[in-house]
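Inspection log for the structure reproduced underneath, given as structure tokens.
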Amino acid sequence: MPTKILMVCLGNICRSPLAEGILASKLPTDNFTVDSAGTGSWHVDQSPDKRSIAVAKKHHLDISKQKGRQFKKADFTTFDYIFVMDKSNYNDVLALTDNQQQRDKVKLILNELHTDKNLDVPDPYFGIENGFEKVYSMLDEACTIIADKLLRQQK
């Protein structure tokens, strides 16, 4: 049975689709499933933001076929790991947990790079300069560490 990883941001159109595409590109599909979701429902069934699609394409990843969905309680059962993009998403997801086992699955993604610093991946939606490229770089570094850990666990 494959290991299942979920990436979560607010709307599931900028950061989490990038994180999904990046991590999926670093893991064998027969052993791992990567998905993404948003804590909000505004973009359900929509494609990722065109700027996320463009920055992914620049790095040879195609995320254009992803569709937004909202995080749901059942995701705690479905997924082995849940990586959130910022403290607000973290708190929103934790608020849906029923037990410690579920809480233990939820991690801030940048803690993979900066242990226990609880840093946010900035939301590039409202146009910080080079925002999507900066977010891509952060997520690529974090996903490399995550992929390495997951691959070592498989051995």
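The values are calculated or read from the model by the stated rules, or taken from the named source; none is laboratory data. Source: prediction; values computed, not measured. We place every Cβ from the backbone using ideal geometry, glycine too, and count neighbours over all the protein chains shown. All accessible areas refer to the heavy atoms of the entire protein, side chains included, with ligands and DNA or RNA removed. Shrake-Rupley method; radii C 1.70, N 1.55, O 1.52, S 1.80 Å.
Per-structure values
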| item | result |
| --- | --- |
| Hits in region 60-82 - residues which are surrounded by 11 or more Cβ atoms within 10 Å (Cβ to Cβ) and of a type in the set (V, I, T) | I63, T78, I82 |
| Test: residue in region 83-92 that is more than 16 Å from the chain's Cα centre (by Cα), farther than 19 Å from L27 by Cβ and open to solvent by less than 70 Å² (accessible area, probe 1.4 Å) | no |
| K57 within 15 Å of C9 (Cα to Cα), of a type in the set (K, R) and surrounded by fewer than 16 Cβ atoms within 10 Å (Cβ to Cβ) | no |
| Answer from M1, M7 - the residue that is free of Cβ contacts under 8 Å to residues at least 24 places away in the same chain and over 16 Å from A74 (Cβ atoms) | M1 |
| Hits in region 88-121 (condition: over 21 Å from V34 (Cα atoms) and of a type outside the set (G, A, S)) | N91, D98, N99, Q100, H114, T115, D116, K117, N118, L119 |
| Number of positions in region 103-155 that are farther than 19 Å from D49 by Cα, surrounded by fewer than 20 Cβ atoms within 10 Å (Cβ to Cβ) and in contact with a Cys (Cβ under 9 Å, 6 or more places away or on another chain) | 1 |
| Selection from region 45-82 of residues that are over 16 Å from the mean Cα position of the chain (by Cα), farther than 17 Å from K134 by Cα and among the hydrophobic types (A, V, I, L, M, F, W, C) | A74 |
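Here's the yes/no breakdown for (1) within 21 Å of L113 (Cα to Cα); (2) touching a helix residue (DSSP H, G or I) at 6+ places or on another chain (Cβ under 9 Å); (3) of a type in the set (D, E):
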position: C9; (1), (2), (3): yes, yes, no
position: P28; (1), (2), (3): no, yes, no
position: T39; (1), (2), (3): no, yes, no
position: H59; (1), (2), (3): yes, yes, no
position: F71; (1), (2), (3): no, yes, no
position: D80; (1), (2), (3): yes, yes, yes
position: F83; (1), (2), (3): yes, yes, no
position: D86; (1), (2), (3): yes, yes, yes
